[in-house]
Amino acid sequence: MTRTAAIIGAGPAGLIAAETLVRAGLRVAVHDHMPSPGRKLLMAGRGGLNLTHSEPFDVYLSRYGTARLWLEPIVRAFPPEALIEWCHGLGQPTFIGTSGRVFPAAMKASPLLRAWLRRLGDLDVQLHARHRWTGWDPDGALRFDTGKAERPDVAVLACGGASWPRLGSDAAWAAHLPGAVAPFRPSNCGFLVHWSPHLRERFAGTPLKRIAIRFGGDLVRGEAVITAAGLEGGAIYSLSARLRDAIEAEGSAKIEIDLRPDLSHAALADRLGGPRRSESLANTLRKQAGLPPESICLVQEALHAGAPSGDLAALIKTLPLRLTATAPIERAISSAGGLRADAFDASLMLRDRPGVFAAGEMLDWEAPTGGYLLQACFSTGVAAAKGALAWLDRPA
């Protein structure tokens, strides 16, 4: 008799689990409450679809923070090289960018997802859209809001986290695993800042290019974007976990922005040390410091807020900015929290649900952007599927 598997969630973790199980000879059905699969993957593809990263593996593993303890063997078993090879197998070549990040050559997710869904269809994986999982019935069968109940030989939960709920990750599944879920928090998120009306109205949506952001002992170079509510973008995302934790502990967090990281303090002071004649401050900052209008406005805001004016070079290099809260989790790239590590074993099987495994963003881990998020989703999806196969093949 053919063994069966049910996958809850049609994101990367669920789909790779389905592929792994169907290749092992199981009959596989994937259930998702959205009208179509891979919606968050497609959204990620708008930014180029950063699949993984090419940096040295020990450095790579350190990006998972405290979750490295249990994630390391899982990522080692399906590492970046395996994900790249899998992508190539779908006819999607990849390349390594100047930052070491790995992207599909198409720089978007839709060609990869289409090829993947064709492959899954050819393998006879059944996809059931608009099927929301609603827990288990008293006999242990999986229930769905369609009224259907299923009792597969194994199940993999890949229900997603709590960011971008309009794309499917609404964390409604947490109600079906009481006592096993750490609270969700935004990760790789923006932060709120009390802008003046002038700055907000004039510069909301404007990027801050070629800056560096310092928080504590960490310094990140990159870009950020001024929003109507605060600040978001790659440089701030890299610090988001520490900033979020500091705000939770202290009520706010102060960062320093280096608006000219390509110039030393001495070189900048030399540029600003010449005679100003009748130049306004804005013209001095534009002509002598080379600042664009949005950076000039940030300097002016800091001065109006009481920042010392005696050393303009120091202010440009260490412009203080207080972050008052995280932006809503609905707009975060990813989420922290989820199914706690003590709720599943090394094979990702739920400790109180034999034969039920979990994978992807619904597990309690977080990582920065840069290829770490998708890699862990794929790696845990493969691990959950292999755990399910091992459990099916256990001695009687």
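The values are calculated or read from the model by the stated rules, or taken from the named source; none is laboratory data. Because the structure is a prediction, the values reported are computed rather than measured. Here the Cβ is made from the backbone with ideal geometry for all residues, glycine too, and neighbour counts use every protein chain on show. We work out accessible area using only protein heavy atoms, side chains counted, and drop any ligands, DNA or RNA first. Shrake-Rupley method; radii C 1.70, N 1.55, O 1.52, S 1.80 Å.
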Next on the checklist: Within the chain, what whole-number % of the accessible surface is contributed by carbon and sulfur, with the 1.4 Å probe and all protein chains included in the calculation?
Outcome noted: 52 percent
Item to check | Entries of Lys209/Lys287; Lys254/Lys317; Lys209/Lys254; Lys287/Lys317; Lys254/Lys287; Lys209/Lys317 with Cα pairs more than 22 Å apart | outcome: Lys254/Lys287
Next on the checklist: Give me Rg/Rg_expected for segment 170-249, where Rg uses Cα atoms only and Rg_expected = 2.2 N^0.38 Å with N residues.
Outcome noted: 1.35
Checklist outcome for this item: In whole µm²/s, the translational diffusion coefficient that Stokes-Einstein assigns to segment 1-82, given a Kirkwood hydrodynamic radius over C-alpha pairs, 25 °C and 0.890 mPa s, equals 164 µm²/s
Checklist entry - Based on DSSP, what percent of beta bridges with both residues in the chain are antiparallel, to the nearest 5? => result 70 percent
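On a 1.4 Å probe surface of the protein chains, which of Asp153, Asp32, Asp342 comes out largest in accessible area, and what is the full order?
Putting Asp153, Asp32, Asp342 in descending order of accessible area: Asp342, Asp153, Asp32.
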Item to check | Cα radius of gyration and Dmax for segment 337-396 (Å) | outcome: 12.2, 44
Checklist entry - Lys148: which aspartates and glutamates have alpha carbons under 12 Å from its alpha carbon, excluding same-chain residues fewer than 8 sequence positions away? => result Asp137
Item to check | Scaled radius of gyration (Cα, divided by 2.2 N^0.38 Å) that segment 206-315 gives | outcome: 1.13
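May I ask you to order 139-151, 96-108, 223-235 by the average number of other C-beta atoms within 10 Å around their residues, highest value first?
Answer by packing, highest mean first, reads 223-235, 96-108, 139-151.
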Next on the checklist: Rolling a 1.4 angstrom probe over the protein chains, ignoring ligands and nucleic acids, what is the accessible area of Ser238 in square angstrom, nearest 10?
Outcome noted: 60 Å²
Checklist entry - For the chain, what is the accessible area per residue in Å² when the probe is 1.4 Å? => result 44 Å²
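I need to check one value: relative contact order of the chain, counting alpha carbon pairs closer than 8 Å and at least 6 residues apart, in percent. Can you show the working numbers first?
Working: 803 pairs, mean separation 94.9, N = 396.
Reported relative contact order: 24 percent.
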Next on the checklist: Rounded to two decimal places and with Rh computed the Kirkwood way over Cα pairs, what is Rg over Rh for segment 268-393?
Outcome noted: 1.35
Checklist entry - Relative contact order (percent) for segment 87-184, with alpha-carbon contacts under 8 angstrom and 6 or more residues of separation? => result 13 percent
Next on the checklist: Let me understand segment 75-218 better: what is its radius of gyration from the alpha carbons, and its Dmax, in angstrom?
Outcome noted: 21.5, 62
Checklist entry - Which of the peptides 78-88, 325-335, 378-388 is most tightly packed, and how do the rest follow, judged by the mean count of other Cβ atoms within 10 Å per residue? => result 378-388, 325-335, 78-88
Checklist entry - segment 18-83 to segment 243-302: how many Å between their Cα centroids? => result 40 Å
Next on the checklist: List the residue ranges in the chain for DSSP H helices whose C-alpha atoms run 27 angstrom or more along the long axis and whose Kyte-Doolittle average is -0.5 or above.
Outcome noted: 372-392
Checklist entry - Which three lengths, in whole Å and largest first, does segment 59-101 cover when its Cα atoms are put on their principal axes? => result 35, 24, 9
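I need the per residue convex hull volume for the chain, using only the alpha carbons, in cubic angstrom as a whole number.
It comes to 152 Å³ per residue, whole-number rounded.
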Item to check | Centroid-to-centroid separation of segment 96-112 and segment 339-378 [C-alpha atoms, Å] | outcome: 25 Å
